[in-house]
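Here is the structure we will look at.
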Amino acid sequence: MALFIQQNDNRSKLQEKLAEELREKAKQRADFDVKLPDGVEDSNYLKGTKPTTSLAWVWILIVIFVFAAMTYFMFFSGK
């Protein structure tokens, strides 16, 4: 058992080199992830758009009214 522990303590030069390369790759990935855009504010699909106006509630009421009228006619026109 002591030999097994001793073997793990001593890393070869190749193991050290591979571990350093993996640490460097992980660091580059972490740096790259930080530099990514947030995906909302920086997206191309937002170009040329404008924010919702204060009359959006009117459109919501119109949609609700149309849905209610369709429902009413579907249930009460069959008599």
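Each label point was placed 7 Å from the Cα along the Cα-to-Cβ direction; for Thr52 and Met74 their separation is 2.5 nm. For segment 62-68, backbone phi angles converted through the Karplus equation (6.51, -1.76, 1.60; θ = phi - 60°) give residue-by-residue couplings of 5, 5, 5, 4, 4, 4, 5 Hz, Gly and Pro being listed as x.
Bear in mind that the values in this text are calculations on the coordinates, not laboratory data. Computed from a predicted structure; not experimentally measured. No Cβ is skipped: glycine too gets one built from the backbone with ideal geometry, and neighbour counts run over all protein chains shown.
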